[in-house]
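The values are calculated or read from the model by the stated rules, or taken from the named source; none is laboratory data. What you are looking at is a predicted structure, and each value in this text was computed from that prediction instead of being measured. Note that we place each Cβ from the backbone using ideal geometry, even for glycine, and neighbour counts take in every protein chain shown. Remember, those area values only see protein heavy atoms, side chains included, never the ligands or the DNA or RNA. Shrake-Rupley method; radii C 1.70, N 1.55, O 1.52, S 1.80 Å.
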Amino acid sequence: MLTLKELEIAFYNNQFIPFYQPIINTTNGHTAAFEMLLRLKKDGQIIMPSEFIGTLEDSWLIEPVTYFLLEQAFALMAQYNGKFKLSLNVPPQLLTSEEIINQIQACKRLYQPVENGLILEITERLPIQQIDNTISIIQRLQQEGVCIYIDDYIPNHIHSSLIALSALEGIKIDKSVTNTARINQQVSMLNTPTPKDVQWIAEGIDSEAKKNHWMKMGVTLQQGFLFSPPHDESAIASMLEINWHKMAIEAHS
């Protein structure tokens, strides 16, 4: 695990970079959205979040890094003129302050992106400490055109209270659940009571069998290495042109 000092040096040297993984609409094979994933480039090597995310989220640095990614997200959406939605992770501690609203309003003024393109995925590593305040901030973010998802959902999720009380737009199913064969658990999960209908997204899809299984379960938005690993920004245009159905057929022919 990298130290905080190493992460501070990386931040000041612009070594944090976004990668992008497509989220596929399996009904038509097109890219519906991208998830922005944080990487660190050091000495010519790409360092994965498992080597630094714990230290980052526990430090003061998580706030400026998140807002750096936020501006990158708005710039990219403006560049592509709303051709896709873009999601990025946000730790729950940033949803207790109005600063995240101020940051989004500033980005909207600067880049004037298409509305309703940004998705914030609330990460699961840390619990929500101020749920009423968090719900209030979420509602104000939604008024700004931001969609709010829960990331890495599993039964008895750490944010279950938020899911029950807040009108979220989406829930991403953790790969530990997409990997399991426990159908009853999956059905029960998809019937989780929520204040309004949510969009379910299956993560960790790495085989045709899993893709077809979750399509039969009614989860048509999917993400995983079956379709594509994360890539840097230079690959976005080509990923938008791919029909993932045709690609899968060609790969097996």
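Out of all the residues in the range 81-93, is one or more farther than 27 Å from S161 by Cβ, open to solvent by 40 Å² or more (accessible area, probe 1.4 Å) and aromatic (F, W, Y)?
Within the range 81-93, none of the residues are farther than 27 Å from S161 by Cβ, open to solvent by 40 Å² or more (accessible area, probe 1.4 Å) and aromatic (F, W, Y).
Does the range 160-215 hold any residues that are part of a helix (DSSP H, G or I) and of a type in the set (D, E, K, R), and which are they?
Residues satisfying the conditions are K175, E208, K210, K211.
Conditions: (1) in contact with a Leu (Cβ under 9 Å, 6 or more places away or on another chain); (2) farther than 23 Å from G82 by Cβ; (3) open to solvent by 50 Å² or more (accessible area, probe 1.4 Å). N184 meets all but one. Number of the miss?
Going through the list (1) in contact with a Leu (Cβ under 9 Å, 6 or more places away or on another chain); (2) farther than 23 Å from G82 by Cβ; (3) open to solvent by 50 Å² or more (accessible area, probe 1.4 Å), N184 breaks only (1).
List the number of the failed condition for H157; all other conditions in (1) part of a loop (DSSP other than H, G, I, E, B); (2) more than 21 Å from V187 (Cβ to Cβ) hold.
(2)
If M1 satisfies all but one of (1) at pLDDT below 95; (2) among the aliphatic types (A, V, I, L, M); (3) open to solvent by less than 50 Å² (accessible area, probe 1.4 Å), what's the number of the condition it fails?
Going through (1) at pLDDT below 95; (2) among the aliphatic types (A, V, I, L, M); (3) open to solvent by less than 50 Å² (accessible area, probe 1.4 Å) one by one, M1 breaks only (3).
Going by what's in this entry, would A10 be described as crowded, with 19+ Cβ neighbours inside 10 Å and either more than 30 Å from D206 (Cα to Cα) or without any contact (Cβ under 8 Å) to a residue 24 or more places away in the chain (or both)?
yes
Looking at N28 and the list (1) farther than 18 Å from Q199 by Cβ; (2) more than 18 Å from the chain's Cα centre (by Cα), which single condition is not satisfied?
N28 satisfies all of (1) farther than 18 Å from Q199 by Cβ; (2) more than 18 Å from the chain's Cα centre (by Cα) except (1).
Between a first residue in the range 189-204 that is under 11 Å from I171 (Cβ atoms) and a second residue that is basic (K, R) and not in a loop (DSSP other than H, G, I, E, B), which pairs have beta carbons less than 9 Å apart while being 6 or more apart in sequence or on different chains?
W200/K172; I201/K172; A202/K172; A202/K175; A202/K210; A202/K211; E203/K172; E203/K175
Please go through the range 118-136 and pick out each residue that is in a helix (DSSP H, G or I) and either open to solvent by 20 Å² or more (accessible area, probe 1.4 Å) or in contact with an Asp or Glu (Cβ under 7 Å, 6 or more places away or on another chain) (or both).
Of everything in the range 118-136, those that are in a helix (DSSP H, G or I) and either open to solvent by 20 Å² or more (accessible area, probe 1.4 Å) or in contact with an Asp or Glu (Cβ under 7 Å, 6 or more places away or on another chain) (or both) turn out to be I131, D132, N133, I135, S136.
Report, ordered by the first and then the second residue, all pairs with beta carbons closer than 6 Å, sequence separation of six or more or different chains, a first member in the range 55-68 that is among the aromatic types (F, W, Y), and a second member that is open to solvent by 10 Å² or more (accessible area, probe 1.4 Å).
Cβ pairs passing all conditions: Y67/Q103.
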